[in-house]
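Below is one structure, written out as structure tokens; comments come after it.
Laboratory data are not the source of any read-out in this text; all were calculated from the coordinates shown. Please read these numbers as outputs of a predicted model, since none were measured by experiment. Backbone-built Cβ (ideal geometry, glycine too); neighbour counts: all protein chains shown.
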Amino acid sequence: MKKVLLASVVALFLVSSINAQSYKPFKVGLGFLYAVPTGEGAGGGVGFYLEPKYNLNDKFDMGLLIESALLAQNITGATGSVSGVTSYSITGDYMLGSGKVRPFIGTGIGLYSLGSVDFDYGVAGTATAELGTKLGFSPRVGINLSHFQLALQYHVITGQVSGSNKSYLGIKIGVEFGGGLK
């Protein structure tokens with residue numbers, strides 16, 4: 001039964017990639033993001049991403065998202081928390097149009113490496129650091145304008161590091177190299 005299921009999945013991918021394509025199969029996305037942390041004391045942050053992708057056909061692509069963000073939370077005077085989040089996710093997108101303007105929806109699942117430093121430079125002057133790796137997923141929506149990309153991606157990170165949730169919304173702007181119309 002497992003062999004039949006595996007053969008069916010492989011056949012489905014082959015059929016979908018054999019269909020005539022109007023778009024080149026490989027592309028690489030590169031860009032910046034503004035991160036909006038969720039939870040108590042949410043602040044803001046910045047980051048960047050790199051995402052090589054393969055177009056299975058004109059509507060679907062799969063990729064590997066490598067993203068890193070620096071988040072600030074609970075900053076009040078001499079106390080606060082600064083976190084670094086790096087994710088490695090397998091992604092998939094469905095394109096809703098064709099041509100130079102292409103809205104899309106997608107998702108990703110992967111590992112999130114987290115580091116957090118909590119500081120209080122009041123009377124005692126203390127700082128603590130904590131590291132961890134968590135599983136997460138990230139639904140997203142966006143639009144490709146020729147080779148430019150605008151997207152919203154919400155990173156849902158399971159578990160907590162340093163006593164707080166590190167999930168965040170990424171507002172992305174970037175460029176894609178390759179993958180355009182043939």
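Observations on the model:
- Fewest-first sequence of 51, 176, 130 by Cβ atoms within 10 Å of each Cβ: 130, 176, 51
- Amide H contacts under 5 Å for residue 167, placed H, 5+ residues apart: 38, 157
- Here each label is just a point 7 Å from Cα along the line to Cβ, and for residue 36 and residue 152 those points are 0.7 nm apart.
- Length released on extending from residue 173 to residue 131, taking residue separation times 0.36 nm less the Cα-Cα span: 12.3 nm
- Förster radius 30 Å - calculated FRET efficiency between residue 28 and residue 117, Cβ distance, rounded to 0.05: 0.40
- Neighbour-count ranking [beta-carbon atoms within 10 angstrom, fewest first] of 134, 24: 24, 134
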